[in-house]
1. Sequence gap at least 6, Cα distance under 8 Å: using those rules, report the relative contact order of segment A:9-204 to the nearest whole percent.
2. Going by Cα centres, segment A:336-370 and segment B:22-98 are how many Å apart?
3. How much accessible area is lost when chains B and A come together, counting both sides, with a 1.4 Å probe, in Å² rounded to the nearest 100?
4. Give, ordered by residue number, each residue of segment A:177-210 whose 1.4 Å probe accessible area is reduced by a minimum of 10 Å² on adding the remaining protein chains to the chain alone.
5. Taking every pair of Cα atoms in segment B:1-125, average 1/r, invert it to obtain the Kirkwood radius, and report Rg/Rh to two decimals.
6. Suppose we look only past 56 Å in the calculated P(r) of the protein assembly as shown. What percent of the Cα-Cα pairs does that tail hold?
7. When Cβ neighbours within 10 Å are restricted to other protein chains, what is their mean count per residue of peptide B:47-53?
8. Could you give me D for segment A:9-204, from Stokes-Einstein at 25 °C and 0.890 mPa s, where the hydrodynamic radius is the Kirkwood radius over C-alpha pairs? Units µm² s⁻¹, please.
Amino acid sequence: MEIGGYTRNILYVDLSTGNIKTEKVSLDLIKKFLGGYGISVRLAYDLIKPGIDPLSPDNPIIIGTGPLTGTPVIGAGKIQAIYKYALNGAIAHGSGGGEFGVKLKWAGYDHLVITGASEKPVYLYISNDEVELKDASHLWGRDTYETSDILYGEHEGSSVITYGMAGEKLVKTTICFMDKCTPIGKGGMAAIMGSKRLKAIVVKGTKGIHIVDPERLKEIMLPIVEACKKDPAREKTIQLGTMAGFEGWVTIAGSTRKNYRETIPVEEAYQLYGPEVYLKTLKIKRIACPNCLVACKDHIQIKEGEFAGLETYVSSIYGRMQNLGARCNVGSINRVVKLIDFCNRTSVCLHNTSALIEWAVDLYKQGILTKEDTGGLELDWNYETTATLLEQIAKNEGLGAILGKGFYGAIKAIGRGCEKYAVHVKGLETLFDARTTRLTVSEFYEVVGPRGGHIGLGGLTFPYLTRDLPTSYFRQWAESWGVPRDAMERIFSPPSKWNVGRLTVWADIRATIESALGIGCTRGRLSKYYEKAPNGGMRTYVEIYKAVTGLDATVDYFIEVGDRICDLVRVLNMREGFDRKDDRFPDVWFKPILRHGKETWLEDYFGNRLTREDCEKLLDDYYDERGWDIKRGVPTKEKLIKNGLEDIAEDLERKGFL
Amino acid sequence: MQRKMLIVDYEKCVGCGFCEMACAIQQGKTVSSTKSMIGLVRFRDVGIIFPMVCQQCLKPLCADSCPTGALSRNEETGAMVVDPDLCIACKMCTVACPLAGIFVDFEVGHAVKCNLCNGDPLCVKVCGYGALTYTTLDEAIIRLKKEAVKKLEETIKKIVF
């Protein structure tokens, strides 16, 4: 049978023994989990033993490309890495959309599984059938950019995932970088690779991938590209990149500061960090992930003023403006860029640490942290504090050594009631504040998602930065993404409104399918182009899948697989002890925030105030929509069996998890 | 009717590589950069990305260097095309071409190059950034002049204000 899209190879690399082998993916596994993220999650069930130490050789890194990765489909460069987070012990994903996935696929592998730990620093080199662990002693101690450049020099045309010294020092608030500008590996993947003394993964691939029906694929793709090019907002997207979203962040979302007490004044935000300053101060060359129509990455250089001449790379720059600009109040776009460069080079996760620093300053102001804790340093929301603490975090010393453990570790180390001021879900900072944006899917998913706070799988940023879209918009969304009729009735009840708990389930299923197919954007920016396709988003995915792979598929089948993967992800985390008690809305969401100077409370999308009890009811709805046990917030045995996971249900029952 | 040409504006290229992958499926059923007639050259250390593709030279060195006369111009599209029956895969054309716009595909056994998709290039259709355009000389000149004026305007603003 002619099958396209899949190479059907899993590459296993054991760093402890140096063993390298490939295994075939069975058609059964493909049918059940589709590929990419889906198959990786199934592999994780066997490979990640419950209760392991994330920084031990036992923690595998499972990287998955999907059947559409490396094919001429919009956004077909997506990979997901799965591992146990060093930061909070959750089992979740790190996403990246650069060239790495395409090259891995073209080298002949759907999945890459790295286990064990090496004694000496090594890097993994993959070039088609040539797979080798090479000495990395010349790279150890070097930063992300230096390491990448050396490896490009040694291996022409390669794609590189690596990290800087903070990962080597096993700092938990770290992240890896793909080809200098794509962050991948939330929750401390750099520390996990550091613990394995695996400095980098280098991949070259020239075998390519087979496509069953290229003509049909063209027929489906071209109208979507055409529509995107005709979009009236196209010019703005090309000119500003992600800074086109700046307005939404500061006016609608309202970038928070002073540890979630207020939003940054709009005028101040524009003046210091806005699109005009961005265009004026920085020399910009935009960079895109494979086949992406957004190009969210920038190669930037400071043209004038402080740090003039500094050159660096950045992904989604407007988000960095929010974190370093608003949260840490560093004072200028030049300083934001300086700190972005520092974080990228050392591989300190900018999102994790800016939230932790914001919190530490608050603790200092509350008198919980004193000069004794800070080594004599006066803490404030400013550039000096931020730069100093980032450096300490990267070096794993002083107060930085405590903050670098993440919220869970730092709360334990500091004590003294500091948790009262910590805003996080499952130990990860929240990126969206539900009080400023209202409780939409983005914020709800921060509470229920496996990784904890921050952005969800496939950018569950929906409805992104809006406060007043009509219900008809959400109905069209649901129709486009194949939400079944019975679910529609539950979501839109009463018909004039939508239930955020229930809608989140379907947004997650949509993102999960994209991740299994190996397409999409980490921030969900590409889905809108598919969403508007004449046949609707999900049917378009199905048609693309059929043209590429030659395998049969339907919308119902995709939804079934998506739901199955979601259940299994929850099961992985249930085994680690996560359940309803961890899906906790941050306390601060039930206090007022000063949004553009006005006291604002948590509201639903329709402007009705929400209490914790209301939110708990929405949580009931979420679990109910999932078909899970509402009390525990985990899949029931019946649901797993219904979803074709009999073997898993049996195993869980035998081990006392169900 | 004026003949159209494929124009590359590397400053607008963001390196998404959609052109490369799309081109590959115009040639067959395998997607790979080695099957693509257009190729992105990345200088990662300095951050420059350059889409390289045959420019259909008016005085084509590929044809001059070909000992069997396998390269000729398609008068309708203006593209230089390879006759697979005449090509002996000696690779002289690949040496002669100043733009690396032609190479030998060992799997098919002859030289391959961009044929402008017979006058309807797919790479241009999938480029979302205006880095690739397929246009007549007239239109190209007008566009270039417009862009030059815009740059001048910026310069004048700097001087006057």
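1. Averaging sequence separation for qualifying contacts and normalising by length gives 23 percent for segment A:9-204.
2. Between the Cα centres of segment A:336-370 and segment B:22-98 lies a distance of 51 Å.
3. 2800 Å²
4. A:Asp179, A:Lys180, A:Thr206, A:Lys207, A:Gly208, A:Ile209, A:His210
5. 0.95
6. Percent of Cα pairs beyond 56 Å in the protein assembly as shown: 7.
7. 2
8. 151 µm²/s
The values are calculated or read from the model by the stated rules, or taken from the named source; none is laboratory data. Keep in mind the model is a prediction, meaning the values are calculated, not measured. For neighbour counting, all protein chains shown are included, and Cβ atoms are generated from backbone atoms with ideal geometry for every residue, glycine included. SASA here: full protein model, heavy atoms, side chains in, ligands and nucleic acids out. Shrake-Rupley method; radii C 1.70, N 1.55, O 1.52, S 1.80 Å.
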